[in-house]
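Participant: Can you keep this structure in mind? I'll have questions shortly.
All of the numbers you see were taken from the coordinates with simple rules; none came from a lab. Remember, predicted model here, so these are calculated numbers, not experimental data. Note that each Cβ is placed from the backbone with ideal geometry, even for glycine, and that neighbours are counted across all protein chains shown.
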Amino acid sequence: MSDLKVSQLADLLQRRRPGYSLDAAFYLSDAVFQSDLKHIFGQHWIFVAVEPQIPEPGDFITVDVGKQSILITRDDDDQLQAFHNVCRHRGSRLCASHKGMVGNIVCPYHQWTYDLKGSLIHVEHMGEGFKKEDHGLKKVHVRSLEGLIFICLAETPPADFEDMAQQMTPYLAPHRLKDCKVAAQVEIVEKGNWKLVMENNRECYHCVGNHPELTLSLYEYGFGYQPSPANAEGMARFRDILAKSHARWEAMGLPSAEIEVLDSRVTGFRTQRLPLDRAGQSQTMNAEVASKKLLGRITDPAVGGLSFWTQPNSWHHFMSDHVVSFSVLPIAPGETLVRTTWCVHKDAVEGVDYDVANLTKVWNATNDQDRRLVEESQVGVASGAYEPGPYSPYTEELVEKFCNWYVGRMRALNPV
Ligand code: FES
Ligand code: FE
């Protein structure tokens, strides 16, 4: 499509119709995409990794956010560090691989050498007046929330991350993600805009019709459903199970109540510990644990799944035996990376305590089904016939909250 000017984007943002999906330009336009990278991914806390990906000093990963490559390391004091993956000499990318281990960070071009805190410690042939201290790596804000690694590319990151961390720590801490290891990680590239990926995640209207594996254990009612004439009975039964489960889990010291601030703050999020069907233990094909070694201080396998959704780009399910995390990163207006990471207790032994195929089966199948839904949506919105359609007031409240948050933040950062 022909592309938008900034004034047209501001106009589209102002004209957005509450209760309806977004205009096609939000999914197709390169100008909107560039603005998303600058204002959404450049100004907010982005979920990018889990601490078990870099458990030891010297471990590193790189993550691409648009054209920016970010290097995340663990330094010799066991602290997380994040830098732009760009040499301060003539700008070469420092680490080309997505993960590895280093003593120091050595640029492959002329061997400028940085320590794990980003200080330039060794150069040759730069003359007397050259000051190493003026040429350290450019830092990126990084925070771990109980093992979930967030970065922020802005100079001054949104301050309300601290409040989210305070509220979420009691929910996440019992699972002790930091004492886990990565059992599997899968990357898929979906041919759809990143917002279609997120919107699809924020409703379970599509679950029964599309996710036969996931709905073996998951009740769709926990994902933003409101009672309606069509589901009154099922919803009442679910609410009864939810109330009884919460009472049991709270008595074990596991916070379970819903917190929902998806569109009412800069760092929007939602959490709730949700009961699972059948064996009630884990998101597997028989709803039993996939790993025999339970996490952290959890001793009962049937503690449901703690779901945690963050704006703009992640969701997570913390269960008694494993944690599954999803990071969504835009590649192009019609292309998005979805990185899924499964973590189990670090002492769990593959083939003895868990089987990777069993651990990953439900979400590999679900991701592929969601990929197809997103890709078909992208094709549909690109046709000239698309016009914004109405959200279901009973099942799509959280999709609308995603769009409210997105439009609100874009309006704030793209003033007319
Ligand atoms: Fe890195 Fe020259 S560009 S040392
Ligand atoms: Fe889905």
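Here's the yes/no breakdown for (1) in contact (Cβ under 8 Å) with a residue 24 or more places away in the chain; (2) within 16 Å of ligand 1 (Cβ to nearest atom):
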residue: 54; (1), (2): yes, no
residue: 57; (1), (2): yes, no
residue: 70; (1), (2): yes, no
residue: 93; (1), (2): yes, yes
residue: 119; (1), (2): no, yes
residue: 144; (1), (2): yes, no
residue: 148; (1), (2): yes, no
residue: 155; (1), (2): no, no
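Participant: Within region 190-220, work out how many residues are within 11 Å of ligand 2 (Cβ to nearest atom) and either within 20 Å of residue 380 (Cβ to Cβ) or crowded, with 19+ Cβ neighbours inside 10 Å (or both).
Facilitator: Counting residues in region 190-220 that are within 11 Å of ligand 2 (Cβ to nearest atom) and either within 20 Å of residue 380 (Cβ to Cβ) or crowded, with 19+ Cβ neighbours inside 10 Å (or both) gives 16.
Participant: Acidic (Asp, Glu), away from ligand 2 (no atom under 16 Å from the Cβ), under 28 Å from residue 348 (Cβ atoms) and loosely packed, with under 13 Cβ neighbours inside 10 Å: is that true of residue 187 in this structure?
Facilitator: Against the criterion (acidic (Asp, Glu), away from ligand 2 (no atom under 16 Å from the Cβ), under 28 Å from residue 348 (Cβ atoms) and loosely packed, with under 13 Cβ neighbours inside 10 Å), residue 187 qualifies.
Participant: Can you say whether residue 396 is surrounded by fewer than 20 Cβ atoms within 10 Å (Cβ to Cβ) and either within 16 Å of ligand 1 (Cβ to nearest atom) or in contact (Cβ under 8 Å) with a residue 24 or more places away in the chain (or both), as far as the supplied structure shows?
Facilitator: When the stated conditions are applied, residue 396 does not pass them.
Participant: Next question, about the same structure. Among the listed residues 347, 277, identify the single one that is touching a Phe, Trp or Tyr at 6+ places or on another chain (Cβ under 7 Å) and among the charged types (D, E, K, R).
Facilitator: On inspection, the qualifying residue turns out to be 277.
Yes/no per residue for (1) part of a loop (DSSP other than H, G, I, E, B); (2) farther than 27 Å from residue 187 by Cβ; (3) in contact with a His (Cβ under 9 Å, 6 or more places away or on another chain):
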site: 18; (1), (2), (3): yes, yes, no
site: 37; (1), (2), (3): no, no, no
site: 61; (1), (2), (3): no, no, yes
site: 77; (1), (2), (3): yes, yes, no
site: 83; (1), (2), (3): no, no, no
site: 91; (1), (2), (3): yes, no, no
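Participant: Okay, moving on. Does residue 21 satisfy the criteria of being hydroxyl-bearing (Ser, Thr, Tyr), more than 16 Å from ligand 1 (Cβ to nearest atom) and over 18 Å from the mean Cα position of the chain (by Cα)?
Facilitator: yes
Participant: Let me ask another. How many residues does region 100-115 contain that are of a type in the set (D, E, K, R) and either near ligand 1 (Cβ under 8 Å from one of its atoms) or exposed (fewer than 15 other Cβ atoms within 10 Å of the Cβ) (or both)?
Facilitator: So the count comes out to 0.
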